[in-house]
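I have placed the structure first, in the form of structure tokens, so that the comments after it can refer back to it.
Coordinate-derived values only; no laboratory data. Fair warning: this is a prediction, and the values are worked out from it, not measured in the lab. Note that each Cβ is placed from the backbone with ideal geometry, even for glycine, and that neighbours are counted across all protein chains shown.
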């Protein structure tokens, strides 16, 4: 099967020229540092106010590829709207370093997430949020503490994923805010079947519907930053067992449109050479990861067309190909 088909074939990558609809703004910087995250975040944080939740993947013990806790600490210390922010997480559906709250707390300490409050939002139970227009769910079960917050900043390590093809903002929220026992089971497992029985297109759609429940709750008070560094084909949930990274580091993207930012990250990977993107692209394609993008658009979660703004060069519009033209062979960034 060709990797490129018509725009309505949701599990296939659609070239930009074959897409239709409005364009959103996505900001881009090559500065992979705390300062780079701050530069990107401050372009999209206009509606972040009140009690702020920061949703990020804090990782399994000693995971080598997560967004460094030292970067996030510096970001919090130097950014006014994040000085009193709380990192939010949920326990996992799989048995591992974050399966129980006690294990999760220990892992947070090992990985350096000790400089601010971390709220394991399903520690004290669950809440149900409506899914509007979904075909799999009419609600999603999330950690009960999620509804305590006024705004959410989604800080995502963009990388591959063993089942989802890639993990961007959509995966970070859709799986990451669903509670560890009910919500994550709703996404991954059909009633009466073995754990992890759902995959490919249906899994992408369930993840996206879960995300929609959360971002509909926050409305305009949610924003997104994706960090494209140390991009293994494995998710950060695989910790030290993650596959070696071979994809070049790219930079940091920011947007108020979740569909646009995840689409832009996929487009940047696509714009690399075959040698540079082979492993990560194969992971996205073989798991039907592109269905995340088309289904978000179908659900009205954002646009798959965007204006990519280069924050390093007078905020001019650039193409994905221009953004990745100077990427170097992979080198681990700590």
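Quote the relative contact order of the chain in percent (integer), defining contacts as alpha-carbon pairs under 8 Å separated by 6+ residues.
Details: 769 pairs, mean separation 84.1, N = 334.
Contact order relative to length: 25 percent.
If R₀ is 30 angstrom, what is the calculated FRET efficiency for the pair residue 200 and residue 246, using the beta carbon separation as r and rounding to 0.05? Walk me through the intermediate numbers first.
Details: r = 24 Å, r/R0 = 0.81.
Efficiency, from the Cβ-Cβ distance: 0.80.
Counting DSSP beta bridges with both partners in segment 56-207, what percentage is antiparallel, nearest 5?
Numbers: 9 of 12 bridges.
If we restrict to bridges inside segment 56-207, about 75 percent are antiparallel.
If R0 is 45 Å, what FRET efficiency do you get for residue 51 and residue 273 from their C-beta distance, rounded to 0.05? Mind showing how you got there, number by number?
On the way: r = 45 Å, r/R0 = 0.99.
Using R0 = 45 Å, I get an efficiency of 0.50.
State the antiparallel share, in %, of DSSP beta bridges confined to the chain, rounding to the nearest 5. Mind showing how you got there, number by number?
Details: 20 of 43 bridges.
If I count the DSSP bridges inside the chain, around 45 percent turn out antiparallel.
Does segment 281-323 classify as rounded, prolate or oblate by the C-alpha gyration tensor (a ≥ b ≥ c root eigenvalues; a/c under 1.5 gives rounded; else a/b over b/c gives prolate, otherwise oblate)?
Details: a/c = 4.37, a/b = 1.63, b/c = 2.69.
Since a/c reaches 1.5 but b/c is at least a/b, the shape of segment 281-323 is classed as oblate.
Any chance you could run the full-extension gain for residue 109 through residue 70? It's 0.36 nm times the residue separation minus the Cα-Cα distance, nm to one decimal. If you can, show how the numbers build up before the last one.
On the way: separation 39, 0.36 × 39 = 14.04 nm, distance 1.29 nm.
Residue separation times 0.36 nm, minus the Cα-Cα distance, leaves 12.8 nm.
Select from 243, 264, 323 the residue whose mean-square fluctuation is largest in a Gaussian network model of the chain (Cα-Cα springs shorter than 10 Å).
In the Gaussian network model the winner is 243.
Between residue 83 and residue 193, take the C-beta separation as r, use R0 = 56 Å, and let me know the FRET efficiency to the nearest 0.05.
Details: r = 46 Å, r/R0 = 0.82.
E(calc), rounded to 0.05, equals 0.75.
Measuring from centroid to centroid over Cα atoms, what is the spacing of segment 254-306 and segment 49-108 in Å?
So the separation of the two Cα centres works out to 24 Å.
Rounded, prolate or oblate: which fits segment 156-233, taking a ≥ b ≥ c as square roots of the Cα gyration tensor eigenvalues, rounded meaning a/c under 1.5, else prolate when a/b beats b/c? Walk me through the numbers before you get to the answer.
Values: a/c = 2.36, a/b = 1.23, b/c = 1.92.
Note, shape of segment 156-233 comes out oblate.
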